[in-house]
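Below: the structure, in structure tokens.
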Amino acid sequence: MHKVPGFLFLLLAVACSAQQIPTKTPVPSSSFVSAPLPTHHFFDKTNLALQGWNVAAETYDAITTRRNLSGRPINELNPLGAAFVNHGWAGQAVFSYGFGVGGPLLTSYLLHRTGHHKMERWVIGLNALGSTTAGSWNLAH
């Protein structure tokens with residue numbers, strides 16, 4: 001009884017694969033030719049400005065985080081950052097510059113290499129905005 005559904009599935013799969021695929025009519029190449037997309041160098045003025053903002057924002061966040069510590073453990077809102085922040089300036093530097101600057105830089109470069117030029121800029125900008133917000137939150141609390 002269990003072999004009947006399997007046999008029917010196999011029969012249906014063979015019947016569907018036996019269909020003839022219609023050939024496409026050739027389209028003149030001049031009607032759908034698009035101009036090549038403009039590309040840019042990875043370290044152009046916009047990316048350098050965004051990376052500079054990101055480094056400044058991470059520094060701002062790191063300094064305000066260390067200021068709030070004053071020798072006591074801090075309630076870091078980022079669960080990944082909490083493992084590093086409570087280990088002094090060395091842990092803070094690894095987290096802020098390794099993950100906060102290096103991570104978006106690598107992600108942005110990979111997006112650039114795959115042709116996602118708008119996304120490469122968004123990654124850096126969103127990370128810098130988050131770090132700027134976190135630094136401001138540190139000052140307010």
Subset of the stretch 126-141, residues under 14 Å from Leu50 (Cα atoms) and either among the β-branched types (Val, Ile, Thr) or surrounded by 15 or more Cβ atoms within 10 Å (Cβ to Cβ) (or both), comes to Asn127, Ala128, Gly130, Ser131, Thr132
Tell me, yes or no, whether the stretch 23-32 has at least one residue that is modelled with pLDDT under 85 and surrounded by 10 or more Cβ atoms within 10 Å (Cβ to Cβ).
no
Being modelled with pLDDT of 95 or more, touching a helix residue (DSSP H, G or I) at 6+ places or on another chain (Cβ under 7 Å) and either in a helix (DSSP H, G or I) or surrounded by fewer than 20 Cβ atoms within 10 Å (Cβ to Cβ) (or both) is the requirement here; does Val123 meet it?
yes
Would you check which residues across the stretch 72-96 are surrounded by 15 or more Cβ atoms within 10 Å (Cβ to Cβ) and either among the aromatic types (Phe, Trp, Tyr) or in contact with a His (Cβ under 9 Å, 6 or more places away or on another chain) (or both) and list them?
Phe84, Val94, Phe95
Regarding the stretch 54-71, can at least one residue be identified that is within 30 Å of His116 (Cβ to Cβ) and surrounded by fewer than 16 Cβ atoms within 10 Å (Cβ to Cβ)?
yes
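The values are calculated or read from the model by the stated rules, or taken from the named source; none is laboratory data. As the structure is a prediction and not an experimental result, all values here were calculated from the model. For neighbour counting, all protein chains shown are included, and Cβ atoms are generated from backbone atoms with ideal geometry for every residue, glycine included.
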